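A.B. asks: Dropping a structure here in structure tokens format, bear with me for questions.
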Amino acid sequence: MTETTDAGGSRERSPGAVPILELRGVSKRFGAVQALHEVNFDVRAGEVTALVGDNGAGKSVTIKCIAGIYPIDEGEILWDGRPVTISGPKDSAALGIEIVYQDLALADNLDVVQNMYLGREEVTPLRALDETKMERRCSETLASLSVTTIRSVRQTVAGLSGGQRQSIAVAKAVMWNSRLVILDEPTAALGVAQTRQVLDLVKRLAEQGLAVMLVSHNLHDIFEVADNITVLRLGQDVARFKTSETTQREVVEAITAGTLSTVPGQEEEVQA
Amino acid sequence: MSAITPPLPTPAAAPTATIGAYARRWLDNVRGGELGSLPIILGLLIIAVVFQVQNDRFLTAGNFVNLMVQGAPFALVAMGIVFVLLLGEIDLSVGYVSGVGGVLTALLLLPDGSTVPTSVAIVAALGSGVLIGALHGVVITKVGIPSFVVTLAGLLAWNGVVLLLIGSRGTVVLQDDFVIGFANDFVPKGAAWVLMLLAVAGYAGVQLWGLRKRASAGLVNDPLLIIGLRIVGLLVALGFVVWVVNQDRGLPYVAVLVGVLLVFWTYVLRRTRFGRHVYAVGGNAEAARRAGIDVDRIKIICFAICSLMAVVGGIVLASRLRSVDTNAGGGAILLYSIAAAVIGGTSLFGGRGHIKAALLGALVIASIDNGLGLLGLSSGTKFVVTGVVLLLAVAVDSISRRGREQSGRA
Ligand SMILES: Nc1ncnc2c1ncn2[C@@H]1O[C@H](COP(=O)(O)OP(=O)(O)OP(=O)(O)O)[C@@H](O)[C@H]1O
Ligand SMILES: [Mg+2]
């Protein structure tokens with residue numbers, strides 16, 4: 001990481017100023033698979049930006065590049081307008097990026113508190129874990145997000161339902177000093193009521209001045225909460241919309257038949 | 001501050017869960033496959049009854065002291081094994097690594113020419129254990145070879161090192177009263193009572209301090225009755241042990257060593273960031289990595305701890321036998337130690353288990369070994385019975401894991 005954050009001082013920045021995060025011509029290959037090809041993408045504080053695309057379009061890979069899990073092959077990532085190198089989850093967390101993955105990444109054998117503080121445990125001056133402090137802040141965070149279905153924060157995550165796990169993962173992301181929260185398919189496995197809760201939560205995060213990046217297949221959800229939509233197709237960004245100025249039909253068209261700048265070789269037909 | 005401003009906490013007046021709620025949570029856990037120490041304590045009871053019926057020397061003070069001294073090396077080595085099992089890994093080299101530790105200590109303490117102080121010899125042996133384990137860990141994580149294979153190679157290589165160190169001597173007699181004292185000297189009877197009371201007072205202090213801290217933070221505590229029962233239970237159990245052993249030779253120093261290390265490693269696993277990360281890596285390595293945990297570092301440290309504890313066990317075994325020979329680290333020590341950790345309730349699938357599993361498992365193993373010995377049965381029978389018990393323990397582990405999967409706790 002070549003940049004450090006100025007401690008969230010620009011949280012209240014009005015939408016429309018410099019994007020908090022900007023990808024410029026980012027490419028990523030896995031051997032023969034060109035997962036991303038010169039992708040441009042930006043996210044602004046106080047807005048929900050949706051990233052859509054068919055299965056295998058490269059949404060999850062984009063997120064993992066931002067997280068520093070995959071190093072990018074070409075292009076650059078700008079944070080507050082300045083180029084940064086994110087070479088691991090520690091770097092992205094230090095910038096204020098929090099990610100809720102599609103596969104949630106919770107450790108089943110740990111309880112709710114242990115999961116929410118994983119890798120950032122509070123310790124007492126004697127370097128012992130400060131369980132009391134962690135448990136209290138977890139309960140407070142869950143309460144503030146109206147997550148009321150969890151009986152005990154000392155329950156192991158293995159015993160929770162999909163919706164409860166999703167809530168824990170979202171709560172985990174916003175509990176930190178985050179400026180950008182990225183959600184990969186946050187409602188995919190949820191019932192009606194839980195989806196409602198998560199969408200409300202997403203809106204609330206943006207209202208608080210955070211930048212929110214939302215990945216989803218559900219256009220209905222996206223049209224409800226997103227301000228902007230970027231469409232990925234076969235690893236390329238093929239279209240950008242303002243939600244208020246477009247229709248679901250237009251977006252679907254871009255997802256399935258958006259114009260590619262370069263036609264990838266054999267994999268084109270593979271797309272299901 | 002958090003993105004969402006939390007409401008101000010309103011600490012209620014020290015809430016505690018009701019006994020009913022506590023019992024329900026416990027039952028939930030058992031049903032969900034978190035059996036805890038339940039099967040093992042049942043097993044120990046059965047073993048005690050069966051052997052006592054067969055031979056009334058089994059439950060005597062003298063035999064109880066023997067059992068402690070016999071089980072201690074397994075318990076110590078098994079403590080290290082728990083760390084690697086928690087990662088979902090295995091260490092097959094602990095037997096001969098313990099041999100290297102015992103032989104090194106005995107050689108360094110030989111009164112020929114280069115006499116080193118006892119402390120230097122012990123530290124050197126322990127240090128070599130750390131280095132050996134770190135070497136295993138580095139090869140496993142950085143080269144990417146499964147721990148099974150690396151430590152299998154280690155099993156052979158460290159056996160070779162034992163033979164090379166012993167050379168043509170055949171047997172090296174341990175010539176240091178301090179080291180021999182571990183397994184052959186006993187805590188003065190009055191001092192044993194004081195130690196016991198200190199341990200219980202310490203435990204009670206920790207429990208009550210935690211109670212106060214949670215209460216002042218407005219968090220729900222376990223029912224006071226349960227906390228009281230735990231303290232009284234420990235007092236009764238330790239008091240009984242001291243009372244029994246004091247009717248014979250007394251409390252062996254190794255028992256104190258096992259107790260101290262049990263508390264120390266439990267603290268490391270349950271109360272430090274490192275310990276938390278060990279569980280996380282064993283439960284979901286990918287989640288740990290994404291949380292910014294250096295997974296390789298955690299693994300290397302665990303293998304180092306494992307070999308370190310193998311050396312501690314090796315020194316104690318050498319102390320008990322008062323000598324080391326070319327068989328040091330061979331025989332049953334490897335399998336008995338791994339079996340102890342597993343029988344005690346450490347999951348082979350990683351992420352589940354406690355240090356106390358090492359102690360409970362070693363008690364079972366030592367009881368079987370000792371009891372069958374009293375009945376005059378051969379090593380052959382001992383191995384068959386221990387093998388069956390190990391299989392039973394692994395079966396309980398697998399079945400309770402299936403229980404977790406069925407209750408949606410994959
Ligand atoms: N670690 C990897 N190694 C090799 N190829 C990968 C890897 N991760 C992703 N890919 C490939 O990159 C492409 C994009 O995958 P990605 O997971 O980003 O899709 P997605 O848009 O998230 O799809 P979905 O909607 O199904 O989650 C796919 O062709 C995938 O096979
Ligand atoms: Mg995906």
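A.B. asks: Nearest 10 degrees, 0 to 90: what angle lies between the long axis of helix B:19-31 and the longest principal axis of chain B (Cα atoms)?
C.D. replies: 60 degrees
A.B. asks: Which whole-number percent gives the relative contact order of segment B:115-242, counting Cα pairs below 8 Å spaced six or more residues apart? Numbers along the way, then the final one.
C.D. replies: Details: 31 pairs, mean separation 26.0, N = 128.
It rounds to 20 percent for segment B:115-242.
A.B. asks: I've got another one for you. Averaged across A:107-118, how many Cβ atoms of other chains sit within 10 Å of each residue's Cβ atom? The partial results should precede the final answer.
C.D. replies: Numbers: counts 13, 8, 15, 9, 0, 0, 0, 4, 5, 0, 3, 12.
Per residue, the number of nearby Cβ atoms from other chains is 6 on average.
A.B. asks: GNM, chain B, Cα, under 10 Å: largest mean-square fluctuation among B:340, B:61, B:366?
C.D. replies: Result: B:61 has the largest fluctuation of those listed.
A.B. asks: Calculate the radius of gyration of the Cα atoms of segment B:42-183 to one decimal place, then report Dmax, the largest Cα-Cα distance, as a whole number, both in Å.
C.D. replies: Rg then Dmax for segment B:42-183, in Å: 18.7, 54.
A.B. asks: Something else about it: What fraction of the Cα pairs in chain A, stated in percent, has a spacing above 27 angstrom? Intermediate values should be presented prior to the final figure.
C.D. replies: Working: 14482 of 36856 pairs.
The share of Cα pairs beyond 27 Å in chain A comes to 39 percent.
A.B. asks: Report, as an integer, the average count of C-beta atoms from other chains found within 10 Å of each Cβ along A:172-180. Spell out each step's value before the answer.
C.D. replies: Details: counts 1, 1, 3, 4, 2, 3, 2, 1, 0.
Mean partner-chain Cβ count within 10 Å for A:172-180: 2.
A.B. asks: Determine the dipole magnitude for segment A:107-177: charges of +1 sit on the beta-carbon of Lys and Arg, -1 on that of Asp and Glu, nothing else is charged, the reference point is the Cα centre, and the result goes in debye to the nearest 20. List each step's numbers first, then the result.
C.D. replies: Numbers: 9 positive and 8 negative charges, 21 e Å.
The calculated dipole for segment A:107-177 is roughly 100 debye.
A.B. asks: Below 8 Å between Cα atoms, with a sequence gap of 6+, how large is the relative contact order for chain A in percent?
C.D. replies: Working: 495 pairs, mean separation 71.1, N = 272.
With pairs under 8 Å counted, the relative contact order is 26 percent.
A.B. asks: Return the whole-Å distance between the Cα centroid of segment A:39-65 and the Cα centroid of segment B:249-268.
C.D. replies: Spelled out, the Cα-based centre of one part sits 55 Å from the other.
A.B. asks: I've got another one for you. Just need the Rg to Rh number for the protein assembly as shown, please, alpha carbons only, Kirkwood Rh. Don't skip to the end; give the middle numbers.
C.D. replies: Working: Rg = 29.3 Å, Rh = 28.1 Å.
Across the protein assembly as shown, the Cα-based Rg/Rh ratio is 1.04.
A.B. asks: Take the cross-link list A:172/B:356; A:28/A:59; A:172/B:299; A:59/B:299 and give me the ones stretching past 22 Å between alpha-carbons. Mind showing how you got there, number by number?
C.D. replies: On the way: A:172/B:356 31 Å; A:28/A:59 12 Å; A:172/B:299 25 Å; A:59/B:299 32 Å.
Table pairs above 22 Å Cα-Cα are A:172/B:356; A:172/B:299; A:59/B:299.
A.B. asks: Applying 1/(1 + (r/R0)^6) with R0 = 56 Å to the Cβ-Cβ distance of residue A:30 and residue B:395, what FRET efficiency is obtained, to the nearest 0.05? Don't skip to the end; give the middle numbers.
C.D. replies: Working: r = 41 Å, r/R0 = 0.73.
E between residue A:30 and residue B:395, to the nearest 0.05, is 0.85.
A.B. asks: Picking from A:167, A:216, A:139, which is most flexible by a Gaussian network model of chain A using Cα springs under 10 Å?
C.D. replies: In the Gaussian network model the winner is A:139.
A.B. asks: Something else now. Please list A:204, A:151 from largest to smallest accessible area, probe radius 1.4 Å, with all protein chains kept in place. Before the final figure, lay out each step's value.
C.D. replies: Values: A:204 75, A:151 185 Å².
Heavy-atom accessible area, descending, gives A:151, A:204.
A.B. asks: Let me know the charge dipole size of the protein assembly as shown about its Cα centre in debye, to the nearest 20, where only the beta-carbon of Lys, Arg (+1) and Asp, Glu (-1) is charged.
C.D. replies: Numbers: 56 positive and 55 negative charges, 408 e Å.
So the dipole magnitude of the protein assembly as shown works out to roughly 1960 debye.
A.B. asks: Ordering B:379, A:60, B:93 by how much accessible area each has at a 1.4 Å probe, largest first, what is the list?
C.D. replies: Output order, biggest surface exposure first: B:379, A:60, B:93.
A.B. asks: Right, here's the next one. Write down the accessible area per residue of chain B in Å², having rolled a 1.4 Å probe over the full set of protein chains. Could the numbers behind the result be given before it?
C.D. replies: On the way: 18590 Å² over 410 residues.
Normalised by residue count, the accessible surface of chain B is 45 Å².
A.B. asks: Right, something else. Over 19 Å apart: what share of the alpha carbon pairs of segment B:166-242 falls there, rounded to a whole percent? Provide the component values of the computation, followed by the final result.
C.D. replies: Values: 1727 of 2926 pairs.
Counting every Cα pair in segment B:166-242, those more than 19 Å apart make up 59 percent.
A.B. asks: Counting only protein heavy atoms, what percent of the accessible surface of the protein assembly as shown is carbon or sulfur at a 1.4 Å probe?
C.D. replies: Carbon-and-sulfur percentage of accessible area, whole number: 62.
A.B. asks: To one decimal place, what orientation-averaged projected area in nm² is obtained for the convex hull of the Cα set of segment B:67-405?
C.D. replies: Working: hull surface 78.8 nm².
Averaged projected hull area, Cα only: 19.7 nm².
A.B. asks: Only four residue types carry charge here, +1 at the Cβ of Lys and Arg and -1 at the Cβ of Asp and Glu. Report the dipole size of chain A about the Cα centre in Debye, rounded to the nearest 20.
C.D. replies: Taking the Cα centre of chain A as origin, the dipole is about 660 debye.
A.B. asks: Distance between the C-alpha centers of segment A:76-100 and segment A:129-179? Whole Å please.
C.D. replies: For segment A:76-100 versus segment A:129-179, the Cα centre distance is 24 Å.
A.B. asks: Working from the pairwise distances between different alpha carbons, so that the mean of 1/r is found and then inverted, what is segment B:252-366's Kirkwood radius in Å?
C.D. replies: Details: mean 1/r = 0.0648 Å⁻¹.
It works out to 15.4 Å.
A.B. asks: By accessible area of protein heavy atoms, probe 1.4 Å, what ranking do B:230, B:169, A:127 get, highest first?
C.D. replies: The ranking, largest first, comes out as A:127, B:169, B:230.
A.B. asks: Further, regarding this structure: Distances longer than 15 Å among the Cα atoms of segment B:34-96: what percent of all pairs is that? Can you show the working numbers first?
C.D. replies: Values: 1336 of 1953 pairs.
Of all Cα-Cα pairs in segment B:34-96, 68 percent lie more than 15 Å apart.
A.B. asks: Give, in whole angstrom and from largest to smallest, the semi-axes √(5λ) of the equivalent ellipsoid of segment A:107-177, with λ running over the eigenvalues of the Cα gyration tensor. Can you show the working numbers first?
C.D. replies: Details: eigenvalues 79, 35, 22 Å².
Its equivalent ellipsoid spans semi-axes of 20, 13, 10 Å.
A.B. asks: Which whole number gives the average, over all residues in B:215-228, of C-beta atoms from other chains lying within 10 Å of the residue C-beta?
C.D. replies: Values: counts 1, 1, 7, 3, 7, 5, 0, 0, 0, 0, 0, 0, 0, 0.
Mean shielding by partner chains, rounded to a whole number: 2.
The values are calculated or read from the model by the stated rules, or taken from the named source; none is laboratory data. Bear in mind the structure is a predicted one, so any value in this text is a computation, not a measurement. Glycine gets a Cβ as well: all are built from the backbone with ideal geometry, and neighbour counts include every protein chain shown. Side chains included, ligands, DNA and RNA excluded: accessible areas come from the protein's heavy atoms. Shrake-Rupley method; radii C 1.70, N 1.55, O 1.52, S 1.80 Å.
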